[in-house]
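A.B. asks: There's a structure below that I have some questions on.
Throughout, read-outs are computed from the coordinates displayed, never taken from laboratory work. Just so you know, these numbers come straight off a predicted model, no measurement behind them. So basically every Cβ, Gly included, is an ideal-geometry build from the backbone, and we count neighbours across all protein chains shown.
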Amino acid sequence: MAIGINYLRSTWRLSSRARAPFSALPILLGAALVALAALPLAAQYPGKVSTETKNAPELRAVAVLEWTGDESHPKASRLVPICVYDGQQLQDGGIYLARPQPLALDPETEYKIKQNGKTVGLFDIAGAAQEQGLWVGHGQWKALVARPTPEQLAKAAKRRAAAWKNDQDDADSDKPILHRRQGSEDSGNNQAQGPPPDPNRPTLHRTDTSGADSGNSGDSGNAPPPDPDRPTLQRAPDNTANNNGSSNSPDQPKLHKKNQDDEQSYVTPLANIDPNRPRLMRGQVSIFDADVTPKLMGMPVDMSQQVAVSDARNLPDHPWSFSWANPDDEKKMQADLEEIARKDLGIEPPPPPPAPKTKHATSTHTKKAAPPPPPPPPLLVEQFRVFELEYGSGATMVLEAHTAGTGADEKFITLIAQPDLYGGVTVLFKNITDAAHLDETPRMRLIDPVDALADNRGELLFELRGQTQRQFALYRVLRGSATQIFSTTGSFGEGGVE
């Protein structure tokens, strides 16, 4: 840029010394501007520009499968997207790459249903819809079938080969045999001895690709060759967008798509809906013809929840269960956590008062103690679970409990804790609320651990449920603390969690 400015100044000085007329100034300024524009362009041209694009990132989506009814025969279900890891950070699964449905709910996306880190089923997305402004997915829920062992596969192959051989033998025995009639050994002599063809009988002639008449086999060799300049139709590659709005471009990020071979070999459908039932549809007919579990609406009391993960890579399962060296340690830890919960909720029973004593000359008599006060409401434990969130790490405990009552008398508590070096309990995180203030401080309900970042470390997935709304959050337990690393969009702020 400095070179261009000096060039402009020198041009102005030359024009001043030569005392050029005023009309020549625009011509000089235009030439200077052209030179200035050419300098950076010539300096920045790198040669051949590469048009290759980087490969799309390997995505990992986390969702929550919710259903009612028995797990083997669900009455209704839905899939709630939680987050999508794009290789660098966690994105909100409900809005990530929405067009209009988010990428996590693309049709034919397959999710693995996880229970304590183990795959227990599959869920194939068939469609998406909005419920109260949030996207949810509907589809087909399937259960895994145990993979056959190599010995079972070999035995099945032998059985199929033997059955095929028997079928072939039966087919050969029933196969009809054609016999040539007497005097038909020489087909040329028969044709010569047969009656002449009727000249008035119509005959069909085959036309080859060049349009020449090839009815006479003797003239087929004299047919003109095809015109090389004749235009031909060729099928274009199928790179256009499909009906559901997604593109087949290799650079587009994709989640795991279901495999038809795996589906036929290792999965069986659970809930089959009558295919002959009448269906009312508005507008364009859906291109998906799979069995879809009926939609789940609202927040039923008997609703169950489970983690679901979709990843383009086939990663092995990572169980999160923790094995105690002494089974009695688990009972002791649970008792210590329940005692801490009672103290935090203010329902710890007071110690009985000491009995007064009177002294006499010969003996000591004890008066009858006053009756103790009524006991506080009991602590109802919803669940107590222990996890090993990383290979070789210690135990991470989660306790959920609540008291009886209604309104402000019904209190909820969630504790995340770890054992200390002295056999005690260290509380890492605490959430306390009551039924009258759920919209201000939602209660925390543990769903399950999940490896959201694909780094072999489990995060605790909680549902923050209020009176009318809810959201989901991921907590990472590391170095003696539990920190929230992600939360979905919702009406509950960070101040609602202690």
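A.B. asks: How long is the gain from Gln168 to Met299 if the chain were fully straight, where each residue apart is worth 0.36 nm and the alpha carbon distance is subtracted?
C.D. replies: The span from Gln168 to Met299 would gain 41.2 nm if fully extended.
A.B. asks: Test of understanding: what is the full-extension gain from Gln469 to Gln89, defined as 0.36 nm times their sequence separation minus their Cα-Cα distance?
C.D. replies: In short, 134.2 nm is gained.
A.B. asks: Same structure, new question: If you build the Cα gyration tensor of the stretch 389-498 and take the root of 5 times each eigenvalue, what three semi-axes come out, in whole angstrom, biggest first?
C.D. replies: 25, 18, 10
A.B. asks: Then there's this: For His256, what residues show an amide H to amide H distance below 5 Å, using hydrogens built from the backbone and excluding near sequence neighbours?
C.D. replies: Hits under the 5 Å cutoff: Glu110, Asp311, Ala312.
A.B. asks: Right, something else. What's the ranking of 456-468, 125-137, 155-167 by average number of surrounding C-beta atoms within 10 Å, highest first?
C.D. replies: Output ranking for 456-468, 125-137, 155-167: 456-468, 125-137, 155-167.
A.B. asks: Hey, rough spin-label estimate for Leu315 and Ala156, points 7 angstrom out along Cα→Cβ, what's it come to in nanometres?
C.D. replies: Each label point is offset 7 Å from its Cα along the Cβ direction, giving 2.9 nm.
A.B. asks: For Thr119 and Trp324, FRET efficiency with R0 = 22 Å and r from the beta-carbon atoms, rounded to 0.05?
C.D. replies: Working from the Cβ atoms, E equals 0.30.
A.B. asks: Using a Förster radius of 35 Å, what is the FRET efficiency between Ala408 and Ala454 based on their Cβ-Cβ separation? Nearest 0.05, please.
C.D. replies: Step by step, r from the Cβ atoms, then E = 0.25.
A.B. asks: What list of whole percents do you get for P(r) of the stretch 91-172, with Cα-Cα distances grouped in 10 Å bins up to the one holding the largest distance?
C.D. replies: 15, 26, 20, 15, 15, 8, 1
A.B. asks: Let me ask something additional. Testing the spin-label approximation: label points 7 Å from Cα along Cα→Cβ at Glu131 and Ala335. State their distance in nm.
C.D. replies: Taking the simple label geometry, Glu131 and Ala335 are separated by 4.3 nm.
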